[in-house]
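K.L.:
Here you go, one structure.
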Amino acid sequence: MEMLGEVLADGPWRYGAGPGPFLLFPLLWLLAFGGVIAAVVLGRRRRDALAGTRAGERVLAERFAQGEITVEDYRARLAELRAKP
């Protein structure tokens with residue numbers, strides 16, 4: 001009967017452990033999954049932003065290779081494409 005009194009006094013968490021670890025681990029997993037998802041989303045945004053610049057550089061290089069523009073024009077336009085807004 002004495003043991004029943006101890007269980008009722010402490011609740012289901014014996015020796016004062018409390019529900020801490022049971023709540024902490026799921027939160028850590030949620031943070032880990034959220035970090036992975038954020039990294040993927042930000043990586044895709046960066047890749048998509050750079051794709052337009054690369055396409056422009058490719059067209060510019062083709063025009064230069066075909067002789068449509070001079071070296072000075074190529075360098076000036078390439079610098080303009082690579083300039084940060």
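K.L.:
Within the stretch 24-60, work out how many residues are closer than 26 Å to A79 by Cα and of a type in the set (V, I, T).
P.N.:
The qualifying residues number 2.
Residue by residue, here is whether (1) out of contact with any helix residue (DSSP H, G or I) (no Cβ under 6 Å at 6 or more places or on another chain); (2) modelled with pLDDT of 70 or more holds:
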| site | (1), (2) |
| --- | --- |
| L8 | yes, no |
| W13 | yes, no |
| A17 | yes, no |
| R45 | yes, yes |
| G52 | yes, yes |
| R77 | no, yes |
| P85 | yes, no |
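The values are calculated or read from the model by the stated rules, or taken from the named source; none is laboratory data. For clarity, every value in this text was computed on a predicted model and none was experimentally measured. Don't worry about glycine lacking a Cβ; one is built from the backbone with ideal geometry, like all the others, and counts go over all protein chains shown.
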